[in-house]
Amino acid sequence: MNQTALAIIIAGILIAGSIWLSAPRYAITTENDGVMRIDTMTGKISFCRATSFVDEPLCSPWGEKSLEQFRADRKAAAVAAPKPRETTTEEVDKMLKDFLDREDTSQP
């Protein structure tokens, strides 16, 4: 009985190990002007872009950042970006009135 249980455990470990080793090393996602390469074993990321058809792709040195760090940096940059201000109806009316007044005074 003990030998059977041991054999099942060893078989399970070998199957899990072979599945883990057969998984692709990198996951690729497209971005605006290149691809994001994610190392599935370490979680490190880099941004790659083709420089020509015959050369190797040029990859950024972001390999020390994890995907979570990259996403947090991107989110922080988006939050820090200035938001466009809504123009109120009163402001539009005032700008139009000012424009028309200038047009009237410029006509001889």
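The values are calculated or read from the model by the stated rules, or taken from the named source; none is laboratory data. Computed from a predicted structure; not experimentally measured. Glycine also receives a Cβ, built like all others from the backbone with ideal geometry; neighbour counts cover every protein chain displayed. Quick note on the areas: whole protein, heavy atoms, side chains included, nothing else; ligands and nucleic acids left out. Shrake-Rupley method; radii C 1.70, N 1.55, O 1.52, S 1.80 Å.
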Report task. Confirm whether residue 63 is surrounded by 10 or more Cβ atoms within 10 Å (Cβ to Cβ), at pLDDT below 75 and assigned to a helix (DSSP H, G or I). Result -> yes
Report task. Among the residues of segment 26-50, write down those that are open to solvent by 80 Å² or more (accessible area, probe 1.4 Å) and acidic (Asp, Glu). Result -> 33
Requested in this report: For residues that are under 30 Å from residue 45 (Cβ atoms) and open to solvent by 100 Å² or more (accessible area, probe 1.4 Å), scanning just segment 72-108, find the one that is modelled with the highest pLDDT.
Outcome: 75
